[in-house]
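What follows is a set of notes on a single structure, which appears directly below.
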Number of protein chains: 2
Amino acid sequence: MENWLHKQADLKPNQLALIAENKQYTFAQLEQIVIKRAQQLMTILDDNRRVGVLTTNCLAGYVTILALQQLGRQLVLLNRRLAKPELEDQIDQAQLTQIVQDDAFELDLSNTQQFTFHYLSQLAGQPAEILADFKEDQVTSIMFTSGTTGRPKGVEQSFGNHFYSAMGSVLNLGLLPDDCWLAAVPIFHISGFSIMMRSLIYGIPVRLYDHFDAHQINADLLAGRGSIISLVPVMFEKMLADLPRNQAYPASFRQVLLGGGPVKQVTLVASQTRGISITQCYGMTETASQIIALNPKDAAAKLGSVGKPLFPVSLRIVQQDSEGLGQLEVKAPNIAVGYLNQADKYQASFDDGWFKTGDLGWQDDEGFIYIKGRQGDMISSGGENVFPQEIEAVYRHLPEIEDMVVVGVPDTQWGSVPVALVKFKSDAFLSVADLRNYGREQLAHYKVPHDFVEYSNDWPRTASGKIQRYRLVTEYQNIKKRPS
Amino acid sequence: MENWLHKQADLKPNQLALIAENKQYTFAQLEQIVIKRAQQLMTILDDNRRVGVLTTNCLAGYVTILALQQLGRQLVLLNRRLAKPELEDQIDQAQLTQIVQDDAFELDLSNTQQFTFHYLSQLAGQPAEILADFKEDQVTSIMFTSGTTGRPKGVEQSFGNHFYSAMGSVLNLGLLPDDCWLAAVPIFHISGFSIMMRSLIYGIPVRLYDHFDAHQINADLLAGRGSIISLVPVMFEKMLADLPRNQAYPASFRQVLLGGGPVKQVTLVASQTRGISITQCYGMTETASQIIALNPKDAAAKLGSVGKPLFPVSLRIVQQDSEGLGQLEVKAPNIAVGYLNQADKYQASFDDGWFKTGDLGWQDDEGFIYIKGRQGDMISSGGENVFPQEIEAVYRHLPEIEDMVVVGVPDTQWGSVPVALVKFKSDAFLSVADLRNYGREQLAHYKVPHDFVEYSNDWPRTASGKIQRYRLVTEYQNIKKRPS
């Protein structure tokens, strides 16, 4: 396929493409500033086909991401909220030599050149070779996600992945001439990055928010400045709380796309009362965004369901128990084409051609899917995926700790939060404050367990020896009930 | 991708899928009757992977086409208007052994079993193996089209071709929840067949017309029963003429997709006056429907243009003359995957990976494309493509005829019609009536030249010896001006 940005600049030069930081750009203008940034990048880029990006949802980051894509570089989108050792591990895995970053990013990372967007914007630029075609199997973006082993894997997403993901979405949500997608979720996540790609494929504008401000977004929506928004439940709850009782969003605002965790019934009811159309959806980095979605018209009848697999997605549930609960596996052209440097792990994530999502769920008589939990016990906390094994691995470095298990417990604000059950070595002990401080040095804040309790029994295990984490959730809750 | 019909029956079981012959079917119901027809077909089908279909736009034909597709058979969609020798040639090329046909079709075709839809509907049925997946590269439909050599070529269209074609269309026209596509163009043509495929891909209903009745269609549109219609210009003109002066289509009728030839300025003006949104488009059997389209907002400023290449289509113009006129070549995932049994011709239709459309055109400063004429001198007559070489080849069989050249001349009703310039052998002669009668026996009526004139000069030729047909158009017109 022809270069998407170039194609839209050809097809719809005067169509709005981006609204950010009180500026707005048509596709022709966006192409112009992106090409300029590509030329500036050519002044500093070495031959490494991968370039790291550390950015907030700022205009300069948006443009730089597109510029690297235009140059055919693989974008390694690093999570802006990670701690230094986490970032350095991913930089090492991706063999990055250069990173472009927003001006406020302060960490010095080992073995890489770091360039701020401001620095780039001052450069004169050099001739740049722009991709003529976006080839279906060419990797354009890499995002890290953790699996059950704990060490993050770099998910390789191709142009074809993003294209089919956008097609699945358009066949579900439709496409109107005045569509405008609001991006308040991070563009270094698939949730935000997929909005950027849809904009290029559909030829519609993105309204970019540099941080989540419920009041500002409500003001924009009430003024008719947006038709679709992607949100995690906690964001949507804040918007509902902020929305004045006597006001309603206009009909042009047609859809809230809610992902990243279950939605509370009270939220669903509130949105219905206020006439807001919600599409709940399920997806992962490996599927380049949504693959299952629940339409608004089914939301009331199918409470708790994530919906049905989108058009280009097939789904099956294997190893079902007597009640139909089993492992969700999918087949779709938007399944990522590889894990960075881990061909074996990629192979292992398929079962006879079906991608193992790692989630457990079941399907009702009408084909609606309900997700029960993550096989790998991932904790979904405020839209971020937290993997217990990764946290445990960090803490096991402490000499005082013999073992630790992290589990997710329900939380009214974040959906779920990690808590830790700790076994200390004989005669050793650390306070909760010590444990928390150590975590904050080593991990992103959202990964640091919200609570630590001492645990002295043997871990509950399956017949085959695997720790039964779900039982530890109950044990943790029992411990907390006891008078201390 | 999962079987499209099955997918929609899963995703939207209660969504309307088809309205035909005063009946209507949801996707769940359509799947049911299609599977039943597939089972009935299993009672009679031999092992030939190709099955011929001869049908009007009737419900039974629609269902039988889908049933054959469900069985993974290659549909050979024969033009219901062809004469017996033409059909037999195509049957021979496709090595067909069986044909399913509407009840009114009367010709006895050599070497094939013929089954009417009524006959099929009486059968008990046998177990049928339904396609689980529609694989991107699997050929599902074959339609014949003539090239410059005259003998029709079977164009092999894959599921991927139809999918990408539908994607190009949705990215141009958008998709609304209440969309309903009106099919008054033949379903054995790519124009109608592509509507069937879009219905399966988008999950929207088709309103099928067994024949074109401008008044009936207007009545439906005025009553809000349709949002998009595909038409050739002559049909649209009839609808405009029939539309009462004091009435206007409702806003829910959002688009006329006009293809198959140039649109008259008076038609464009009339549609603007009456508030009708037209998308002019260009496509061919080999591109599985539209690849270039002109949006309504550009129609007035870009009169005569077919627009810009759709999202998944790249276009280039090669061998341009001093004024920029050259050969249109395209690259797109919806280019047909082959010509039946003619791998060499298929190869020859590409120029370094670019498909040679055979059309001559130019592009203005803003990228809008204007088509000047067909390199192969195809005559587009009332939505049917007429190829001079095919007609000439038939006539050259007559002992009285030494040579004949057929050219297209403008016609107020059909856009263009074929006329013939004839050289008789010395002392031989045939009357216009004789020539016409012979043509009617051998060719579809629309291919029979509307006029025959004797021509005794040498044919005008290019330096390399090719006949300059465009000069013969002028010569024909001069002959007609002379007092006879």
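The values are calculated or read from the model by the stated rules, or taken from the named source; none is laboratory data. As the structure is a computational prediction, the values presented were derived from the model and not from experiment. Neighbour counts are summed over all protein chains in view; Cβ atoms, including those assigned to glycine, are modelled from backbone coordinates with ideal geometry. The protein model used for the area step is the full one, side chains on, heavy atoms only, and it has no ligands, DNA or RNA in it. Shrake-Rupley method; radii C 1.70, N 1.55, O 1.52, S 1.80 Å.
Considering the stretch B:331-376, the residues that are of a type in the set (Val, Ile, Thr) and open to solvent by less than 40 Å² (accessible area, probe 1.4 Å) include one that is farthest from B:SER194 (Cα to Cα), namely B:ILE369.
Going residue by residue through the stretch B:145-158, is there one that turns out to be of a type in the set (Lys, Arg) and either closer than 19 Å to B:GLY382 by Cβ or within 14 Å of chain A (Cβ to nearest Cβ) (or both)? Within the stretch B:145-158, not a single residue is of a type in the set (Lys, Arg) and either closer than 19 Å to B:GLY382 by Cβ or within 14 Å of chain A (Cβ to nearest Cβ) (or both). Among the residues examined, B:ASP89 does not qualify as open to solvent by 30 Å² or more (accessible area, probe 1.4 Å) and within 14 Å of chain A (Cβ to nearest Cβ). Every condition in (1) more than 14 Å from chain B (Cβ to nearest Cβ); (2) farther than 20 Å from B:LEU171 by Cβ holds for A:ASP137 except the one numbered (1). Of the candidates B:ASN437, B:ASN457, the single residue that is surrounded by fewer than 16 Cβ atoms within 10 Å (Cβ to Cβ) and assigned to a helix (DSSP H, G or I) is B:ASN437.
Can you confirm whether the stretch A:109-118 contains a residue that is outside the structural domain of A:HIS397 (by TED's automatic domain parsing), within 22 Å of the chain's Cα centre (by Cα) and open to solvent by 10 Å² or more (accessible area, probe 1.4 Å)? Checking the stretch A:109-118: not a single residue is outside the structural domain of A:HIS397 (by TED's automatic domain parsing), within 22 Å of the chain's Cα centre (by Cα) and open to solvent by 10 Å² or more (accessible area, probe 1.4 Å).
What do you reckon, is A:THR140 crowded, with 22+ Cβ neighbours inside 10 Å and in contact with a Ser or Thr (Cβ under 9 Å, 6 or more places away or on another chain)? Against the criterion (crowded, with 22+ Cβ neighbours inside 10 Å and in contact with a Ser or Thr (Cβ under 9 Å, 6 or more places away or on another chain)), A:THR140 qualifies.
Restrict the check to the stretch B:68-76 and report whether at least one residue is assigned by TED's automatic domain parsing to the domain that holds B:ILE204, without any contact (Cβ under 8 Å) to a residue 40 or more places away in the chain and open to solvent by less than 20 Å² (accessible area, probe 1.4 Å). Yes - at least one qualifying residue is present in the stretch B:68-76.
The requirement of being in contact (Cβ under 8 Å) with a residue 12 or more places away in the chain and under 20 Å from A:PRO333 (Cβ atoms) is satisfied by A:SER314.
Selection within the stretch B:294-303: residues that are open to solvent by 40 Å² or more (accessible area, probe 1.4 Å) and small (Gly, Ala, Ser). The member of this set that is farthest from the other protein chains (Cβ to nearest Cβ) is B:ALA300. Residues in the stretch A:304-330 that are within 14 Å of another protein chain (Cβ to nearest Cβ), open to solvent by 10 Å² or more (accessible area, probe 1.4 Å) and charged (D, E, K, R): A:LYS308, A:ARG316.
This table checks each residue for (1) not assigned by TED's automatic domain parsing to the domain that holds B:VAL330; (2) not β-branched (Val, Ile, Thr).
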| position | (1), (2) |
| --- | --- |
| B:ALA348 | no, yes |
| B:GLU384 | yes, yes |
| B:ILE391 | yes, no |
| B:LEU398 | yes, yes |
| B:ILE401 | yes, no |
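For the stretch A:9-30, a residue qualifies if it is out of contact with any Asp or Glu (no Cβ under 9 Å at 6 or more places or on another chain), open to solvent by 40 Å² or more (accessible area, probe 1.4 Å) and within 14 Å of A:LEU59 (Cα to Cα), and the qualifying residues are A:ASN22, A:LYS23, A:GLN24, A:GLN29. For the residues A:VAL405, A:VAL394, the requirement of being open to solvent by less than 20 Å² (accessible area, probe 1.4 Å) and either among the hydroxyl-bearing types (Ser, Thr, Tyr) or in contact (Cβ under 8 Å) with a residue 40 or more places away in the chain (or both) singles out A:VAL405.
Looking across the stretch B:331-363 at every residue that is among the charged types (D, E, K, R) and within 14 Å of chain A (Cβ to nearest Cβ), the one that is nearest to B:VAL76 (Cα to Cα) is identified as B:LYS331.
Selection of the stretch B:261-293 for residues being more than 19 Å from the chain's Cα centre (by Cα) and either within 14 Å of chain A (Cβ to nearest Cβ) or part of a helix (DSSP H, G or I) (or both) yields B:GLN265, B:VAL266, B:THR267, B:LEU268, B:VAL269, B:ALA270, B:SER271, B:GLN272, B:THR273, B:SER277. Residue check: B:PRO250 meets all listed conditions (1) part of a helix (DSSP H, G or I); (2) more than 23 Å from the chain's Cα centre (by Cα) but one, namely (1). Output the residues belonging to the stretch A:414-434 that are loosely packed, with under 10 Cβ neighbours inside 10 Å and of a type outside the set (Gly, Ala, Ser). Answer for the stretch A:414-434, where residues must be loosely packed, with under 10 Cβ neighbours inside 10 Å and of a type outside the set (Gly, Ala, Ser): just A:ASP427.
Can you spot a residue in the stretch A:299-308 that is closer than 23 Å to A:ILE228 by Cβ and part of a strand (DSSP E or B)? So far as the stretch A:299-308 goes, yes, one or more of its residues are closer than 23 Å to A:ILE228 by Cβ and part of a strand (DSSP E or B).
If A:ALA293 meets every condition in (1) in contact with a helix residue (DSSP H, G or I) (Cβ under 6 Å, 6 or more places away or on another chain); (2) aliphatic (A, V, I, L, M); (3) over 20 Å from A:TYR282 (Cβ atoms) apart from one, which number is that one? With (1) in contact with a helix residue (DSSP H, G or I) (Cβ under 6 Å, 6 or more places away or on another chain); (2) aliphatic (A, V, I, L, M); (3) over 20 Å from A:TYR282 (Cβ atoms) applied to A:ALA293, the lone miss is (3). Do we find a residue being outside the structural domain of A:VAL448 (by TED's automatic domain parsing) and among the charged types (D, E, K, R) anywhere in the stretch A:368-375? Yes. When A:ILE91, A:ILE142 are checked against the criterion of being part of a helix (DSSP H, G or I) and either free of Cβ contacts under 8 Å to residues at least 12 places away in the same chain or under 18 Å from A:THR55 (Cβ atoms) (or both), a single residue qualifies: A:ILE91. When B:ASP242 is tested against the conditions (1) open to solvent by 20 Å² or more (accessible area, probe 1.4 Å); (2) within 20 Å of B:ILE195 (Cβ to Cβ), the lone failure is (2).
Restricting B:TYR370, B:TYR339 to residues that are hydroxyl-bearing (Ser, Thr, Tyr), out of contact with any Leu (no Cβ under 7 Å at 6 or more places or on another chain) and under 23 Å from B:GLU136 (Cα atoms) narrows the list to B:TYR339.
Among the residues here, A:THR43 qualifies as β-branched (Val, Ile, Thr), assigned by TED's automatic domain parsing to the domain that holds A:PHE212 and more than 21 Å from the chain's Cα centre (by Cα). Scanning the stretch B:180-232 for residues that are in a loop (DSSP other than H, G, I, E, B), closer than 27 Å to B:LEU75 by Cα and within 14 Å of chain A (Cβ to nearest Cβ) turns up B:CYS180, B:GLY203, B:ILE204.
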